[in-house]
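The values are calculated or read from the model by the stated rules, or taken from the named source; none is laboratory data. Model, not experiment: these values are computed from the prediction. Positions of Cβ are generated from backbone atoms using ideal geometry, with glycine treated the same way; all protein chains shown enter the neighbour counts. Ligands, DNA and RNA are stripped out before the accessible areas are found, and what is left, the full protein with its side chains, is counted by its heavy atoms. Shrake-Rupley method; radii C 1.70, N 1.55, O 1.52, S 1.80 Å.
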Amino acid sequence: MAECTSLQFVSPFAFEAMQKVDVVRLASLSDPELRLLLPCLVRMALCAPADQSQSWAQDKKLILRLLSGVEAVNSIVALLSVDFHALEQDASKEQQLRHKLGGGSGESILVSQLQHGLTLEFEHSDSPRRLRLVLSELLAIMNKVSESSGEFFFKSSELFESPVYLEEAADVLCILQAELPSLLPIVDVAEALLHVRNGAWFLCLLVANVPDSFNEVCRGLIKNGERQDEESLGGRRRTDALRFLCKMNPSQALKVRGMVVEECHLPGLGVALTLDHTKNEASEDGVSDLVCFVSGLLLGTNAKVRTWFGTFIRNGQQRKRETSSSVLWQMRRQLLLELMGILPTVRSTRIVEEADVEMEPNVSVYSGLKEEHVVKASALLRLYCALMGIAGLKPTEEEAEQLLQLMTSRPPATPAGVRFVSLSFCMLLAFSTLVSTPEQEQLMVVWLSWMIKEEAYFESTSGVSASFGEMLLLVAMYFHSNQLSAIIDLVCSTLGMKIVIKPSSLSRMKTIFTQEIFTEQVVTAHAVRVPVTSNLSANITGFLPIHCIYQLLRSRSFTKHKVSIKDWIYRQLCETSTPLHPQLLPLIDVYINSILTPASKSNPEATNQPVTEQEILSIFQGGDNIRLHQRFSITAQLLVLYYILSYEEALLANTKTLAAMQRKPKSYSSSLMDQIPIKFLIRQAQGLQQELGGLHSALLRLLATNYPHLCIVDDWICEEEITGTDALLRRMLLTNNAKNHSPKQLQEAFSAVPVSHTQVMQILEHLTLLSASELIPYAEVLTSNMNQLLNSGVPRRILQTVNKLWMVLNTVMPRRLWVMTVNALQPSIKFVRQQKYTQNDLMIDPLIVLRCDQRVHRCPPLMDITLHMLNGYLLASKAYLSAHLKETAEQDRPSQNNTIGLVGQTDGPEVTREELKNALLAAQDSAAVQILLEICLPTEEEKAKGVNPDSLLRNEEDNLLCNLREVQCLICCLLHQMYIADPNIAKLVHFQGYPCELLPLTVAGIPSMHICLDFIPELIAQPELEKQIFAIQLLSHLCIQYALPKSLSVARLAVNVMGTLLTVLTQAKRYAFFMPTLPSLVSFCRAFPPLYEDIMSLLIQIGQVCASDVATQTRDIDPIITRLQQIKEKPSGWSGICKDPSYKNGSGDTGSMDPDVQLCHCIESTIIEIINMSVSGI
């Protein structure tokens, strides 16, 4: 608004005085300044105030005294004397008329019969008519604004353009708005004033006389403004008006700027206000407000704001080059001045010495940044990156030259200097167009060479681990491997913004890096010499040596150039701490791959060397028996464990590939694995899951695959109990006495067990308060004395406490504990030297666990330990055999391929080996089950004491509380787990068979026995008579336990099979089959009454067959047959006969030993028992 430049605006001093009603400051104003504020002051002096205090009365007197000498006050007083109510009514009628007749109607109720122009009418009119003239003109403009639909127009009005009457018109405007606020909302009036000449001046006077409306007016103007203000005349006028308002009230300028960003309107206004603020509060050393504001818009998280401001930059560039009136031009000029302000042109002597003698004089001049300017220079670089990369700013030649000078300047060796160099380097990569001439390219090459030379000095002086040297090395490796997208990602992450970089723009930089600065051999040799990062963790951000080594390992540069990297990786793994750095696990994975897979088929030996066993053992000092050495952090130990497990898994997975290349990398020995406290480390990792990232889950996966015996569910549940709230309570009860008991004292207490149990009990109870790791020194003493606990007279409490301590130790050192326990529980045979088993022996033959002292079988606490070990070693044996199969799968392949010429026959041996392994495992599991079932049977001594196998399930107190019963429960629990894990074991065991005395125990004690219903039909169909008998007996117990529809169908099948066998069996086989199976028919009837008729018919049929076989003999069997027919016809009369022992024992015909006769008596007893059962059931 150039037309307003000659007019006098309200000063910030005067506006602040009005805002605070500071009468003293108002009195100090000059007459011209005071003239602008008269409407508000006159209203304050004349209108009745709401404040009735004495202080305001005094201030009001001062205002009256101030106004008494001003001539214009009289005209304003006359304006306030008008009837505003009538005026408002006429204005409302005029608005209705205009709305009815259209905005272009010339009729007016407020003003009629204009003889001359508005200016002359205004001059000759009295106060009421002046009010009507201004109100009519203002309403006409406001009406046109409302009908313009956002399109800007300029209204020519004599009333607002005549310089003679501007002040009087302004007085009338202010009085009208103050007296008619509902008719003339101040925001609408402000919007209308933008469309007339001198509108900004009128607006400032209006707001100055109503200072409380400042924020409301500014927000309304911004909200109604254009998204891009410099694109239209209306936008520029709106921006100028708001700038005048903010100059009048500079304290609110930044708040208005915030409204601009919030609404995403008038970007030029935001920049203009920032420029005004920067000029008023310029700071030489700190980052200017302009840099902060524009950086915040382009680099903030609000994508809408970023797009809005980027459009402002692009549109500003598309217009023709404008003069200094363009806000964008002013912004660029200010930024360039700030950039040039921190670029000293001082020649450094050190730089001259480093520069080549042959270089041009103008090229050798480098600027040395002052330390106080480094942060500002970094902020300017990021801002220019955002302007060019996000907003699409195209730098001028002058801007490009100054930017290049800044980027190639040499900062001091401080953390901020390291950051500045990294930003400059990434900006060179992102905007290679800044380097356009050969001189500039040479300047860049010299600066990059300086970076390489000074990298170590910067890192040692600044104390920053992540220096720009690693970034240079990483970029060089990416260029060599042509990973341009990785370079782009690196640049974007360093700059902290996502910008579009074309890979083609990096071609020249790639040539410079790969041919002039960093050849691949130089990169590889330099990387090995880079020191490892001390205490590497996720807290150390930026680009580190580990990133460079990772990329070189991926590209196989070390193996190509025969550079050993093993020692560097080992040292870096040892120098780690929590939280885990995310690059460590990928580094280990790619390192393992470089060990096993050659870089090329032509050179199969081009691989890296694995970490040696001695180096690994040096990290795990002492293994399980003592607490881990504190020299290495838990992170280093877990990473090395991850390396070993991953290496072994990868070695097995690549067995075929390695065999085809005739390579056999060395596997780590089992003795090494035995010395690593795997379970202890896993427990430590479980408590550090948040700090270890994905390492804990990766270790669990490897453990479940290679060491399933360390992932038993019961162990995890036990660990939850040990590490839960109960453990904390136990620690609170921990006394000094418990801590003072040494393993030697425990050994002495065990030695005194035959005499006294008190001391060992006391020490064991104290040991239960210790944590698992604190119990490790006592493990050997506990296990070696277990054999003594098998002697008679040892209290049950001691046995249970030992079991409890063993389970706690099992959570931290299971493998070594199991070996010690198995060796300790061997049977003590005089004159026979006990064999010391190893971990490998027990994995090959898990049944060694059951070859323990026979007394263990009747000691439930120790039997529980034995069963736990057996389950673990069965799982370990499966993993061991699977791994052994993979290791040796290709041993016979060359000879097989030579001898077998048929296509498709080469896989035959492998399939056979897999089948043999499965058969061995099945035999191993079934043997363990059979041995356990045999343990459940009473011994000869127990039988002599009156323990009856048939009464094991009766609710007799003697049976329920005996050791045998407890051992049976433990064994049934393990068998249930085994059957659920692999139902084929249950099928195999039952096809093998076991003593029928155990059927009541197994069916009732093993919940998963119902799966036997699936294969009983197949078992009945076996040709062996013994298996058929066992199947029917098993089915009879299952029917009682599981009276299901499936059981009914299988039972009906069994009855039909028995009827069929009756017709085909010989006399001897008939006796051998039916004598043990007839009692099963009683169970069928008890479980399923619908089978009563079929079973009775079968029994009569069996009796008739037997009678026919003995009919020709001297003994007459007819009386028995007659009784059987009577029983079938009238069962109620025989219901109590089963109580007569003569019938049960067959006393009437006991003199005959004929099988058929005995079978007939058995049939008779069975029928009577069924009848009695059915009658008693009714």
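Roughly how many Å is it from the Cα centre of the range 10-34 to that of the range 983-1053, as a whole number?
108 Å
When Lys and Arg each count +1 and Asp and Glu each count -1, what net charge do the other residues less than 10 Å away from T239, Cβ to Cβ, add up to?
0
Among the listed pairs K566/K878; K987/K1027; K656/K878; K223/K279, which have their C-alpha atoms separated by more than 24 angstrom in this model?
From K566/K878; K987/K1027; K656/K878; K223/K279, over 24 Å: K566/K878; K223/K279.
Between the range 1073-1114 and the range 219-251, what's the alpha-carbon centroid distance in Å?
Between the Cα centre of the range 1073-1114 and that of the range 219-251, the gap is 110 Å.
Calculate what fraction, in whole %, of the accessible area of the range 632-705 sits on carbon and sulfur atoms when a 1.4 Å probe is rolled over the protein chains.
Answer for the range 632-705 is 51 percent, counting heavy atoms of protein chains only.
Could you state the number of Å between the C-alpha centres of the range 776-801 and the range 834-875?
Measuring centre to centre over Cα atoms gives 16 Å.
Starting from the range 810-880, pick out the trypsin sites (Lys or Arg not before Pro) whose DSSP state is loop and whose Cβ has at most 12 other Cβ atoms within 10 Å.
K830, R833, K836
Let me check I've understood the local charge: for S53, count other residues with C-beta under 14 angstrom from its C-beta, Lys and Arg +1, Asp and Glu -1. What total comes out?
0
For the range 184-343, with the dipole built from +1 on Lys and Arg beta-carbon atoms and -1 on Asp and Glu ones, taken about the Cα centre, which of V287, N215, L266 lies farthest toward the positive end?
The listed residue farthest towards the positive side: L266.
For the range 159-264, take the alpha-carbon Rg, divide it by the Kirkwood Rh, and send me Rg/Rh.
In the range 159-264, Rg relative to Rh is 0.96.
Counting Lys +1, Arg +1, Asp -1, Glu -1, what net charge surrounds V23 among other residues with beta carbon under 14 Å of its beta carbon?
+1
Work out the FRET efficiency for R571 and Q318 from their Cβ-Cβ distance, taking R0 = 60 Å, and round it to the nearest 0.05.
The computed FRET efficiency comes out at 0.55.
Of K100/K144; K679/K804; K666/K886; K886/K917; K155/K247; K804/K943, which sit over 22 Å apart, Cα to Cα?
From K100/K144; K679/K804; K666/K886; K886/K917; K155/K247; K804/K943, over 22 Å: K155/K247; K804/K943.
Show which lysines lie in cross-link reach of K394 when reach means a straight Cα distance below 21 angstrom and same-chain residues fewer than eight apart are skipped.
Partners found: K320, K498, K502.
About the Cα centre of the range 23-94, how large is the charge dipole given +1 on each Lys and Arg Cβ and -1 on each Asp and Glu Cβ? Please answer in debye to the nearest 20.
The dipole magnitude comes to about 340 debye.
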